[in-house]
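All remarks here apply to the structure that follows.
The values are calculated or read from the model by the stated rules, or taken from the named source; none is laboratory data. Bear in mind that the values here come from a model prediction, so they are computed numbers and not experimental data. FYI the Cβ positions are ideal-geometry reconstructions off the backbone, even for glycines, and counts take in every protein chain you see. Areas reflect the complete protein model, heavy atoms only, side chains present, ligands, DNA and RNA absent. Shrake-Rupley method; radii C 1.70, N 1.55, O 1.52, S 1.80 Å.
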Amino acid sequence: MNFRQYIFIPLFLLLIASSCNMFNQKKTTSESEEKKPEAPVTIPSFNADSAYQYVKKQVDFGPRVCNTKAHEKCGDFLEKKLREFCPNVIVQKGQVKAYNGTMLNFKNYVASFNPETNNRIFLCSHWDSRPWADHDPDPAKHNTPIDGANDGASGVGILLEVARQLSISKPLIGVDIIFLDAEDYGPPEDKKQEEETTDWWALGAQYWAKNPHKANYFAKYGILLDMVGAPNATFLQEGFSMNYAPAVVKSVWSTGLKLGYSDYFIFEEGGTITDDHVPINKILSIPTIDIIHLDRNSKTGFYPYWHTTKDDINSIDRTTLKVVGTTLLKVIETEQ
Ligand code: AHN
Ligand code: ZN
């Protein structure tokens, strides 16, 4: 063998070997493609900045008092957002009579994830805001409509973000997200009757409880959010919730506790509050609880800026939105 043979034979063998190898490599690639792991499971994580923006957007329309332009515009925004996140949205509209005889145009919005299953829960909040700051420390402001950043917009902002998360993670159970109207048109302090029937609150919820968006509507239970965005909020266990749905209260509060939110979800009974969950419990008989900011140290028993002009966007805290939203997503996950 001369020098050339020394070089070319091994070179030739190398070429054959490498071409075989190329073939093999190709095969390996296609095998690895077959074994490609499935797309990672999306774990929903509540985004507090997103919820905050939804709160701010509502407040920016101005007070969402029934029969006003701001109310109508905000309603259109809510419907548009719900339709972005969910293919099944029903809008209920009509008129209800207020304590002073005013006919209020109202709209209730219902977004249904997995509408076909009866293994479902609902989450709700009122979206209107109060026409009068009748608890403002300044009496000159008692007729001023409120922004209702906390009283109204906070619950809706959280639920819009929950809806956005569900549109990504696709729950196995059914979930209805419901925005109830005309909750906060109850008689102002100076016009209250001695023996108030209290039927003047929660007019949209009363309508929905009597005329659910769907015949024979069923849900295992419901959760109402009311004033869920103030800093260091304290959610005492509201009285009607404890009467009608004690197991739901305990389970939701335990979920909050497990997530590390024991400063918010307090295992202490608060007073009974006439709110949207009352007609739902009474008329529709679906056990429904109220997660509501109750404060033993405030004069009204509610969060300090309740029905004052200070219930504005500055009273909203992302951490509280996160606490409540994360707890709700966990509750949904636990139901799967
Ligand atoms: C009563 O004052 C009877 N209910 C209060 C319900 C409410 C008003 N929640 C928010 N604003
Ligand atoms: Zn209110």
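Tabulated values for the structure
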read-out: Candidates E195, E116 - the one that is modelled with pLDDT under 95, among the charged types (D, E, K, R) and away from ligand 1 (no atom under 11 Å from the Cβ); value: E195
read-out: Subset of segment 254-268 (residues that are open to solvent by 60 Å² or more (accessible area, probe 1.4 Å) and either assigned to a helix (DSSP H, G or I) or at pLDDT below 95 (or both)); value: L257, K258
read-out: Selected residue (only one of I291, I283, I316 is modelled with pLDDT of 95 or more and more than 16 Å from ligand 2 (Cβ to nearest atom)); value: I283
read-out: From I273, I280, I286, residue being within 16 Å of ligand 1 (Cβ to nearest atom) and farther than 30 Å from P137 by Cβ; value: I280
read-out: So G94, is it open to solvent by 10 Å² or more (accessible area, probe 1.4 Å), assigned to a loop (DSSP other than H, G, I, E, B), small (G, A, S) and away from ligand 1 (no atom under 16 Å from the Cβ); value: no
read-out: Failed criterion for G148 (all others in (1) touching a Lys or Arg at 6+ places or on another chain (Cβ under 9 Å); (2) on the phi < 0 side of the Ramachandran plot hold); value: (2)
read-out: Selected residue (only one of A140, A209 is surrounded by 21 or more Cβ atoms within 10 Å (Cβ to Cβ) and either out of contact with any Asp or Glu (no Cβ under 8 Å at 6 or more places or on another chain) or small (G, A, S) (or both)); value: A209
read-out: Residue ID - nearest to ligand 1 (Cβ to nearest atom), chosen from residues in segment 155-183 that are among the charged types (D, E, K, R) and surrounded by 24 or more Cβ atoms within 10 Å (Cβ to Cβ); value: E183
read-out: So A133, is it within 16 Å of ligand 1 (Cβ to nearest atom), within 26 Å of Y52 (Cα to Cα) and either assigned to a loop (DSSP other than H, G, I, E, B) or open to solvent by 50 Å² or more (accessible area, probe 1.4 Å) (or both); value: yes
read-out: Close pairs (6 angstrom Cβ cut-off, 6 or more residues apart or separate chains): within 20 Å of G204 (Cβ to Cβ) and β-branched (V, I, T) in segment 134-159, open to solvent by less than 50 Å² (accessible area, probe 1.4 Å) and within 13 Å of ligand 1 (Cβ to nearest atom) anywhere; value: I146/S129; I146/R130; I146/A133; I146/D311; V156/S125; V156/W127
read-out: Enumeration of residues in segment 270-329 that are more than 21 Å from I178 (Cβ to Cβ), hydrophobic (A, V, I, L, M, F, W, C) and surrounded by fewer than 19 Cβ atoms within 10 Å (Cβ to Cβ); value: I313
